[in-house]
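Asker: My questions will all concern the structure given below.
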Amino acid sequence: MKNLNGKVAYITGGTKGIGLGVAKTLLEDGMRVAISGRTNDSVEEGLNTLNSENVIGIVSDVCKIEEEMNAINQIIEKWGQLDVVLANAGVGNFAPVDEMTEIQWHQMIDTNLNGVFHTLKASIEELKKSKGYYMTLASLAGTNFFASGAGYNASKFGVVGFTQAAMLDLRKYDVKVTTIMPGSVATHFNNHVPDDSDAWKIQPEDIGQLVLDLLKMHPRTLPSKIEVRPTRPDKK
């Protein structure tokens, strides 16, 4: 996509953190962007932060495929096309496996893993039409397991495997598919409030720049799985 001006992107979990950072970057490059969140309040907050006539907000829970189908329909009714999808919505509940509850487990699997399938299933026909780009926001936790991360690891390992298989399925339609696997990012994830102590971490706008670089890469080339880390870890 040499010229992104007027192209349309949909970002799940786009009301804060990485999703909001990517939305801001794409808007600055002339794209039109739809962001989604689970509540009216979160969507309104995201819209107010972005403050652009080229953005719309949609209330959608990625755990429910019918809501994702409705989100895509709203985008097509508004702009008539869909070129880029970033499945970014995610949650994390960290506890030893013997202490983890079924509710915590299902919340992560339903959001982090089932959600990326629902978003792709809802958008794939439009992406085929536009020869578009589908990206998932995974994590280094999708390749590196750690104690108290059984549920989160399972969901993110699943996202990586799902996205890589989807890439093989969809490239014959000229639909690009990439999974992005960040390390520590300065976001509100897991109820964290970013502050100056997070300066060493990847910033949301850095992921935005990465997404932009992927979109502008020559169509013959596909970085299908990208690991990205802070340059230097925190010194404690």
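The values are calculated or read from the model by the stated rules, or taken from the named source; none is laboratory data. If you're wondering where the values come from, they're calculated on a predicted model, not measured in any experiment. Reconstructed Cβ throughout: ideal geometry from the backbone, glycine too, with neighbour counts over all protein chains shown.
Asker: Within the set of pairs 6 or more residues apart or between chains, which connect a residue that is under 14 Å from residue 87 (Cβ atoms) inside segment 144-165 to a residue that is outside any helix (DSSP H, G or I) and among the hydroxyl-bearing types (Ser, Thr, Tyr) with Cβ atoms less than 6 Å apart?
Answerer: Sorted first by the residue in segment 144-165, then by its partner, the pairs are 156/139; 159/136; 160/179; 163/136; 163/179.
So that you can scan it fast, the table gives a plain yes or no per residue for (1) closer than 30 Å to residue 145 by Cα; (2) at pLDDT below 95; (3) of a type in the set (Lys, Arg); (4) crowded, with 16+ Cβ neighbours inside 10 Å:
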residue: 16; (1), (2), (3), (4): yes, yes, yes, yes
residue: 19; (1), (2), (3), (4): yes, no, no, yes
residue: 24; (1), (2), (3), (4): no, no, yes, yes
residue: 46; (1), (2), (3), (4): no, no, no, yes
residue: 51; (1), (2), (3), (4): no, no, no, no
residue: 58; (1), (2), (3), (4): no, no, no, yes
residue: 92; (1), (2), (3), (4): yes, yes, no, yes
residue: 99; (1), (2), (3), (4): yes, no, no, no
residue: 105; (1), (2), (3), (4): yes, no, no, yes
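Asker: Considering only segment 1-62, give the strands (runs of 3 or more DSSP E) lying wholly within it that have at least 3 residues that are more than 27 Å from residue 174 (Cβ to Cβ), over 16 Å from the mean Cα position of the chain (by Cα) and charged (D, E, K, R). I'd like the intermediate steps shown before the answer.
Answerer: On the way: elements: 8-11, 32-37, 55-59.
Per the criteria, no element qualifies.
Asker: Another question about this same structure. Could you grab me the full set of residues in segment 159-186 that are among the aliphatic types (A, V, I, L, M) and in contact with a Phe, Trp or Tyr (Cβ under 8 Å, 6 or more places away or on another chain)? Reasoning before the result, please.
Answerer: Going residue by residue through segment 159-186, those that are among the aliphatic types (A, V, I, L, M) are 159-160, 165-168, 170, 175, 177, 180-181, 185-186.
Residues satisfying the conditions are 166, 170, 175, 177.
Asker: Hey, can you tell me all the residues within segment 26-42 that are crowded, with 22+ Cβ neighbours inside 10 Å and closer than 16 Å to residue 214 by Cα?
Answerer: Listed by number, the residues that qualify are 26, 31.
Asker: To continue, here is another question. Quick test for you: out of 186, 141, 166, pick the one residue that is of a type in the set (Gly, Ala, Ser) and modelled with pLDDT of 95 or more.
Answerer: From the options 186, 141, 166, the qualifying one is 166.
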